[in-house]
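**Student:** Here it is, the structure, as structure tokens.
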């Protein structure tokens, strides 16, 4: 997890809006600081806000029967969380956990509904973004079943680096095992293999990506497919 706020000060969904719509929406937003390891909601909690991260990023985690969660989505400044409110869903379906400290624009549920009535562009952007998440989520399920742990870990680290805008990622093997839904020994073996290939360095609980091109070559095709899906649907 990343404890220091880093990264850009903009959100790509908001940047996709016409300037007039974006300025009006931001006028209704509060710029909030999100702390690493902060749990923003649990399944079943009432959703009161949509967040548009600028430098923070979060994991959305599915929990089943009290077991440790499995990450379904990682969201940084390319997206938003609490987007369910745009579809009249007012209860959280997943745990939202801050992985990288930073800032986000926060908009109340009431203000979001007002903006949706005023901005066809906002409705279109959120509709397309949810389509992206649905396609990526389906691909993630297949990935968990079909791809080797090394490939999945490489994909996960690349995505985390994209969200963190930094090659330095403070994740323990236990945490990675929970996020990927595998045993800790599987993560340890995979991380050791990546380190022996000089793709990453791992010291004192911090993973550093040292050969991004090599990591991309090793990662399963889901990483590139997810980027292509976002580019195709979001423009």
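**Student:** Is any residue of segment 127-161 close enough, with backbone N under 20 Å, to a label point placed 7 angstrom from the Cα of residue 185 along the Cα-Cβ axis, and if so, which?
**Tutor:** Flagged as within label range: 148-153.
**Student:** Per residue of the chain, what 222 nm ellipticity follows from adding -39500 (n - 2.57) for every DSSP H run with n ≥ 4, rounded to the nearest 500?
**Tutor:** Taken over the chain, the calculation gives -14500 deg cm²/dmol.
**Student:** Turning to a different aspect of this structure: Using the alpha carbons of the chain, what is the convex hull volume per residue in cubic angstrom, as a whole number?
**Tutor:** In the chain, the Cα hull volume divided by residue count equals 115 Å³.
**Student:** Another one. Would you mind calculating the relative contact order of the chain from Cα pairs under 8 angstrom and at least 6 residues apart, reporting the percent as a whole number?
**Tutor:** 23
**Student:** Could you give the angle, 0 to 90 degrees to the nearest 10, between helix 184-196's Cα long axis and the longest principal axis of the Cα atoms of the chain?
**Tutor:** The helix 184-196 is inclined about 80 degrees to the chain.
**Student:** Right, another one. Would you mind calculating the gained length between residue 39 and residue 15 on full extension (0.36 nm times residue separation, minus the Cα-Cα distance), in nm to one decimal?
**Tutor:** My answer for the length gained is 6.0 nm.
**Student:** If you find the alpha carbon centre of segment 113-174 and of segment 61-102, how far apart are they in angstrom?
**Tutor:** 11
**Student:** Ok, one more. When the Kirkwood hydrodynamic radius is evaluated over all pairs of different C-alpha atoms of segment 148-219, what value in angstrom, to one decimal, is obtained?
**Tutor:** 11.7
**Student:** Compute from the Cα atoms of segment 66-165 the Rg and the Dmax, the latter being the longest Cα-Cα distance, and quote both in angstrom.
**Tutor:** 15.4, 47
**Student:** Take the Cα atoms of segment 12-119, build their convex hull, and give its volume per residue in Å³.
**Tutor:** Given the Cα convex hull of segment 12-119, per-residue volume reads 90 Å³.
**Student:** Could you tell me how many degrees, from 0 to 90 and to the nearest 10, lie between the Cα long axis of helix 120-146 and the main elongation axis, the longest principal axis, of the Cα atoms of the chain?
**Tutor:** Compared with the principal axis, the helix lies near 20 degrees.
**Student:** Among 117-126, 95-104, 157-166, how do they line up from the highest to the lowest mean number of other beta-carbon atoms within 10 Å?
**Tutor:** Going by the mean number of other Cβ atoms within 10 Å, highest first, we get 95-104, 157-166, 117-126.
**Student:** Relative to the longest principal Cα axis of the chain, at what angle does helix 109-118 sit, 0 to 90 degrees, rounded to 10?
**Tutor:** Long axis of 109-118 versus the principal axis of the chain: about 70 degrees.
A short reminder: the numbers here are calculations on the coordinates, not readings from a lab. What you see is a predicted model, and the numbers here were worked out from it, not measured in a lab. Here the Cβ is made from the backbone with ideal geometry for all residues, glycine too, and neighbour counts use every protein chain on show.
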